[in-house]
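Report on one structure; see the data block that follows.
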Amino acid sequence: MRPLQGCRSRGVVVGTVTLCLAAGWALQTPGGVSLVVPQPNINATVAQNILLSVEYSCRGVATIEWKHVSSWGTTSIAEWRSGNYVNISMVYKDRVTTFENGSIQLRNVGMRDAGYYFVTVMDEHGTNAYGTIIVNVYEIIYEDLHFVAVLFAFLAAVSAILICFMWLCNKSLHLFQKKTTHKLTASTTEEIELETIEC
C-alpha cells in the first residue's frame, strides 16, 4: 500500500505546481483581447442595410479598426477607441454607424461593397484579435426582369416593322404581277385581233 501513497503525493505535487504556474502566467499577462464574429457570411441585395456584427472583450481601452478588401483594393472604413471619437473614412462617412461592441452598420450597399471585411481589436498593450466577415451583394431581381421586358419590347417592335415590310413587299409583288398579267393579256388580245384582220 505504501507505493500507492507515494504516487498520489507526487500527482498532487505535480498538479499543484502546474496550477501555480498557470495562475502566475495569467497574472503576468498584462492584457487580453477576445473577439467573436457570430455571422461570418452575409448575403445582401443592392440598397439594403447590413450589420457587420462582432462582440469583443478587452482589459482596458480597446482600439477597433475595420477595413474592406475587394477586387477594387483595400479601404479603411473606421477606427476608434472605445468611448472616444470615431474616425470614419470619407468614402463611408454618410453610410456607416459604429457601435460600442465593435459592430458597424453599412447602409445602402452596392455591388462594390461585396468582399472581405476585416476587424482588428487591439488593447493598450498591443495584444490583437482579428475577425473576418464575407459580404456577398446581389442585384435586385426586378432589375433583371426590367431588362428582359425592355428586350422583349424591342424585339416586338422589330418584328412589327419586319411584318409591315413583308406586307409592303407582298403588295408590291401583287401589283407588279397584275400589271404584267394585264400587259400580257392586252398584247395577246392585240395579236389575236391582228391575226383575225389579216385573215
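The values are calculated or read from the model by the stated rules, or taken from the named source; none is laboratory data. On a predicted model such as this, the values are computed, not experimentally measured, just so you know. Neighbour counts run over all protein chains shown; Cβ positions are idealised from the backbone, glycine included. Surface accessibility is based on the protein's heavy atoms, side chains included, excluding ligands, DNA and RNA. Shrake-Rupley method; radii C 1.70, N 1.55, O 1.52, S 1.80 Å.
At a glance:
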{"item": "Listing of strands (runs of 3 or more DSSP E) fully contained in the range 31-94 that carry 1 or more residues being among the basic types (Lys, Arg) and farther than 16 Å from ILE134 by Cα", "result": "73-81"}
{"item": "When residues of the range 75-93 are limited to those that are β-branched (Val, Ile, Thr) and out of contact with any His (no Cβ under 7 Å at 6 or more places or on another chain), the one surrounded by the most Cβ atoms within 10 Å (Cβ to Cβ)", "result": "ILE88"}
{"item": "Tally, over the range 95-141, of residues that are out of contact with any Lys or Arg (no Cβ under 7 Å at 6 or more places or on another chain) and either open to solvent by 30 Å² or more (accessible area, probe 1.4 Å) or assigned to a loop (DSSP other than H, G, I, E, B) (or both)", "result": "29"}
{"item": "Qualifying positions in the range 127-159 - touching a residue at least 12 places away in the same chain (Cβ under 8 Å) and β-branched (Val, Ile, Thr)", "result": "THR127, THR132, ILE133, ILE134, VAL135, VAL137, ILE140"}
{"item": "Qualifying residue in the range 165-173 (condition: in a helix (DSSP H, G or I), at pLDDT 90 or above, surrounded by 14 or more Cβ atoms within 10 Å (Cβ to Cβ) and not charged (D, E, K, R))", "result": "no"}
